[in-house]
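Have a look at the structure below before the remarks.
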Amino acid sequence: MSTAAPESQNFDSLLRENRLFPPPAEFSARAHIRSREEYEVMYKRSVEDSDAFWAEAASELEWFSPWTEVLKWNVPHAQWFVDGKLNLCHNAVDRHALGSRADKTAILWEGEPGEVRKLTYAELHAEVQRFGNVLKGLGAKKGDRIAIYMGMCPELAIALLACARIGAVHSVVFGGFAAHALVERIQDAECKIVITQDTSYRRGADIKLKAIADEAVAACPTVESVVVYQRTGKPVDMQAGRDYWWHELAAKASPDCPAEWMDSEDPLYILYTSGTTGKPKGLVHTTGGYSVGTYLTTKYIFDLHEDDVYFCTADIGWVTGHSYVVYGPLQNGSTVVMYEGAPNFPECDRLWQIVDDHKVTVFYTAPTAIRACIKWGDQWVTKHSLASLRLLGTVGEPINPEAWMWYHRMIGKERCPIVDTWWQTETGSILIAPIPGAVATKPGSATLPFFGIVPEVVTKEGDPVPAGQGGLLVIRKPWPSMARTVYNNPERYQAAYWSEIPGSYFTGDGARKDADGYFWLMGRVDDVLNVSGHRLGTAELESALVAHPKVAEAAVVARPDDLKGQAICAFVSLEEGHEPSDELKNEIKKWVAKEIGALARPDDVRFTPMLPKTRSGKIMRRLLRELATTGTVTGDTTTLEDFSIVAKLREQDE
Ligand code: WTA
């Protein structure tokens, strides 16, 4: 791993930020946690008597059989709620459907073309049971891996819940990924079933999910069946004996599918995320700890009450969608708003229209979406009242104080607290965020740790740095929803997270803790980019680039981007006999989008006769980053293999 300087640009602006926004009194008055003192008492107990704290939290869920021990910890292997038996689908659905929330709306969905569907907890219960039986009918058994490649529709949530119900391990692949990325993920987990849909809408266009799934499945011999949800009715090829329509199988399925008794440590899902090397990592989350972690964070950080209407704009293809569209809010018995399409379709006020139409009270999105709204103009916001909102959240990347203030003024009308939530695919649930009724916020800071979480900013040697200084963010104690391993690759789990700072979980993020104990996240310190809140590994991008027949070598670095946070800048050297041209630049950009997905399309492609390397052969990324950002190089370049390279790269500055 290369430990580069954290995002200094962001850091500078954050250093100057000292505004403080105490929780509004009327918010605190009805919040679960109403004062800083109350938070402090709970936090202290959660770290000093953590077994008792987590046992109490877990008791708010239903267990088929109790745990015998709260935590077994043998670094880096955690077992939480040892021997306990439960089912996450039972806690997210049955508990409410069979209790007082049967007729409460569980999922309130809006399709991109504008149709609205509401599913009550009782209806969701029925749908999930039928689909659980559909999967069983196709031979799915406890522990089998099932890939899900869909757009944002209620059936996507139903597919996850049905897997959890029967004990199958879901592996959701974001619908924006290309066939190759789908193949990689299906093959790694040896999925037996793929669940997809005919096509999906995005800004009015069709995303041909089934056709892409067909291309992928052709390369995946483990896949026995493909279930196709009919979303748009667009024609698709169905392969007899392999492909089945969701509605046809569901119509024949029994409506009664008991929830499997799952052990706390039985795997719940695999979710792939980019790391510093080659292939994406399949993080494995297990049942008990993940249930408790997502349940409790949702309850306290989004301060959910019975009458809340909760809207998280994340796609279920990412961890935010898993934890905070599906599992967290449903375990809390909340009404979850799901939206299928683009935020600027048909116009730039779609999200605010949804907020007003459905009286959304809690709204959770990414800084990149906020920055896009700022760019589109305030007139799209002021058309709407937004009076129902009481709490706002952000996730996925550092939020710049300017965007935070706009969110606070324009969307929150200075009345809604903002919870800036820091966490990762690996952490399963939010680790650092303000408890909104209790903790004063500062624009750009994720503030204080959640219960049971002990973060620290340290040097490369693992020593704590003084307040105000930047360093690496580590977590000192295990927490229930932490990923347990990398699928089929425990060595990689150990190497990526537990070797950098022995005994602590290494996040890969740079951070600073200020004199008030508030955490300021400063971006990745490794070779992972954060483009519009999406993680992309430079190694992944580079391997897609060199797969292009005309590309000899490639290095990818980030440059700061006002909208996306980071933009992808690719330095490319060509095979003998090929000349740089604008056409080739475009061809290469398209190629990467086709290989990985549109989200990975490079913003810049720059040609160089060879890449600048140190004498030991390492690509000089710092230098490339500097070139990509400023167009000039000021640092020490004496270890360069070929000095002329720098001059040639400079010449191309556009
Ligand atoms: C970044 C998304 C600053 C961070 C939940 C982390 C953030 C990576 C924040 C994880 C935040 C996420 N402030 N940075 N509030 N939230 N990040 O796995 O670099 O897609 O390591 O999980 O996003 O991205 P992932």
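If only one of Ser385, Ser429 is within 11 Å of the ligand (Cβ to nearest atom), assigned to a loop (DSSP other than H, G, I, E, B) and more than 19 Å from Tyr339 (Cα to Cα), which one is it? Don't jump to the end; show me each part of the working.
On the way: Ser385 fails: within 11 Å of the ligand (Cβ to nearest atom).
After ruling out the rest, the residue left standing is Ser429.
Could you pull out the residue among Ala570, Ala547, Ala554, Ala539 that is surrounded by fewer than 15 Cβ atoms within 10 Å (Cβ to Cβ) and either under 30 Å from Thr394 (Cα atoms) or not aromatic (Phe, Trp, Tyr) (or both)? It is Ala547.
A single entry from Val128, Val134, Val47 fulfils the requirement of being open to solvent by less than 40 Å² (accessible area, probe 1.4 Å), under 30 Å from Val355 (Cβ atoms) and assigned to a helix (DSSP H, G or I): Val128. Quick one: would you say Glu260 is assigned to a loop (DSSP other than H, G, I, E, B), in contact (Cβ under 8 Å) with a residue 24 or more places away in the chain and in the same structural domain as Gly317 (by the TED database)? Judged against the criteria, Glu260 is a match. Scanning the stretch 496-549 for residues that are part of a loop (DSSP other than H, G, I, E, B), among the acidic types (Asp, Glu) and more than 14 Å from the ligand (Cβ to nearest atom) yields Asp514, Asp516.
Would you confirm, using the coordinates I've provided, whether Asp349 is within 16 Å of the ligand (Cβ to nearest atom) and acidic (Asp, Glu)? For Asp349, the condition - within 16 Å of the ligand (Cβ to nearest atom) and acidic (Asp, Glu) - is not met. Comparison of Gly293, Gly241, Gly275 shows that the only residue that is surrounded by 22 or more Cβ atoms within 10 Å (Cβ to Cβ) and either hydrophobic (A, V, I, L, M, F, W, C) or modelled with pLDDT of 95 or more (or both) is Gly293. When only residues in the stretch 442-466 that are among the hydroxyl-bearing types (Ser, Thr, Tyr) and open to solvent by less than 10 Å² (accessible area, probe 1.4 Å) count, which is nearest to Val41 (Cα to Cα)? Only one residue tops the list, namely Thr447.
Residues of the stretch 395-409 that are without any contact (Cβ under 8 Å) to a residue 60 or more places away in the chain and within 9 Å of the ligand (Cβ to nearest atom): Ile399 alone. For the stretch 333-360, a residue qualifies if it is open to solvent by 10 Å² or more (accessible area, probe 1.4 Å), under 16 Å from Ala106 (Cβ atoms) and in contact with a His (Cβ under 9 Å, 6 or more places away or on another chain), and exactly one does: Thr335. Of all residues in the stretch 573-586, exactly one satisfies the criterion of being among the hydrophobic types (A, V, I, L, M, F, W, C) and either within 13 Å of Leu624 (Cβ to Cβ) or open to solvent by 20 Å² or more (accessible area, probe 1.4 Å) (or both), namely Leu574. When Glu115 is tested against the conditions (1) in contact (Cβ under 8 Å) with a residue 24 or more places away in the chain; (2) surrounded by fewer than 16 Cβ atoms within 10 Å (Cβ to Cβ), the lone failure is (1). For the criterion of being under 19 Å from Ile435 (Cα atoms) and open to solvent by 30 Å² or more (accessible area, probe 1.4 Å), Glu56 passes.
Answer yes or no as to whether Thr105 is surrounded by fewer than 21 Cβ atoms within 10 Å (Cβ to Cβ) and in contact with an Asp or Glu (Cβ under 7 Å, 6 or more places away or on another chain).
Criteria not met by Thr105.
Any idea which of Glu40, Glu69 is over 28 Å from the mean Cα position of the chain (by Cα), under 30 Å from Ile432 (Cβ atoms) and without any contact (Cβ under 8 Å) to a residue 12 or more places away in the chain?
On the way: Glu69 fails: without any contact (Cβ under 8 Å) to a residue 12 or more places away in the chain.
Answer to the selection: Glu40.
Applying the criterion of being in a loop (DSSP other than H, G, I, E, B) and touching a Gly at 6+ places or on another chain (Cβ under 9 Å) to the residues of the stretch 410-426, the residue that is farthest from the ligand (Cβ to nearest atom) is Pro417.
Sort through Glu123, Glu38 and tell me the only one that's closer than 29 Å to Leu431 by Cβ, in a helix (DSSP H, G or I) and open to solvent by 60 Å² or more (accessible area, probe 1.4 Å).
On the way: Glu123 fails: closer than 29 Å to Leu431 by Cβ.
None of the others qualify; the one that does is Glu38.
The values are calculated or read from the model by the stated rules, or taken from the named source; none is laboratory data. Here the structure is a predicted model, which means the values were calculated and not measured. With ideal geometry, Cβ positions are generated from the backbone for all residues, glycine too; neighbour counts draw on all protein chains shown. We work out accessible area using only protein heavy atoms, side chains counted, and drop any ligands, DNA or RNA first. Shrake-Rupley method; radii C 1.70, N 1.55, O 1.52, S 1.80 Å.
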